[in-house]
Amino acid sequence: MNIGKAIKLCRKQKNWTLAELADKSNLSTSYISLLEQGKRDPNLSKLENIAKSLKIPLSVLLFLGTDKKEIESISPELAEKLSLTTLKLIEEL
């Protein structure tokens, strides 16, 4: 799982800076940066807070952070469709 990559992807989709996401989620800019770099593992309450700040369901954030090897059992076509649907949801929000 690479939750930092998912956070960064969602933040960039919204054209937010690290400081903007930190402010909206009541976390420090340095903490958000460390998450995005994979140097910290957030607890569930912080993940919920970040997802809420990004205005996306936590399940979407977790799906985006899923590593390829974690979803090997589903077909590449389904994985691609899920990814595209998830990105569209983010854009709409």
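Ranked highest first by the average count of other Cβ atoms within 10 Å around their residues, in what order do 71-77, 18-24 fall?
Result, highest mean Cβ count within 10 Å first: 18-24, 71-77.
Using a probe of 1.4 angstrom, how much of the accessible area of region 9-85 is carbon and sulfur, in percent?
Taking all protein chains in place, region 9-85 shows 52 percent carbon and sulfur surface.
Output ³J(HN,Hα) for region 16-22: one whole-Hz value per residue in order, computed from phi by the Karplus curve 6.51 cos²θ - 1.76 cosθ + 1.60 with θ = phi - 60°, and x for Gly and Pro.
9, 7, 4, 5, 5, 5, 4
Over the Cα atoms of the chain, what radius of gyration and what Dmax do you get, in Å?
Rg, Dmax (Cα atoms, Å): 13.0, 39.
Which whole-Hz couplings ³J(HN,Hα) result when phi for each residue of region 48-65 is put into the Karplus expression 6.51 cos²θ - 1.76 cosθ + 1.60, θ = phi - 60°, listed in order with x for Gly and Pro?
Ordered by residue, 3J(HN,Hα) equals 4, 5, 5, 4, 4, 4, 7, 6, 10, x, 4, 4, 5, 4, 5, 4, 5, x Hz.
If the limit is 21 Å between Cα atoms, which of K24/K81; K14/K39; K8/K52; K46/K88; K24/K68; K24/K69 go over it?
Correct reply: K24/K81; K14/K39; K46/K88; K24/K68; K24/K69.
Where only protein heavy atoms count, and the probe is 1.4 Å, what is the accessible area per residue for the chain in Å²?
On the way: 6000 Å² over 93 residues.
Accessible area per residue, the chain: 65 Å².
Angle check, please: helix 3-13 long axis (alpha carbons) against the longest principal axis of the chain (alpha carbons), in degrees 0 to 90, nearest 10.
Long axis of 3-13 versus the principal axis of the chain: about 80 degrees.
Output needed for region 1-48: three equivalent-ellipsoid semi-axes, defined as square roots of 5 times the C-alpha gyration tensor eigenvalues, in descending order, whole Å.
Computed over region 1-48, the values are 15, 12, 10 Å.
The values are calculated or read from the model by the stated rules, or taken from the named source; none is laboratory data. Just so we're clear, the structure is a prediction, and the values are computed from it rather than from any experiment. All Cβ positions, glycine included, derive from the backbone under ideal geometry; neighbour counts span all protein chains shown. Heads up: the accessible areas ignore ligands, DNA and RNA and are worked out on the full protein's heavy atoms, side chains in. Shrake-Rupley method; radii C 1.70, N 1.55, O 1.52, S 1.80 Å.
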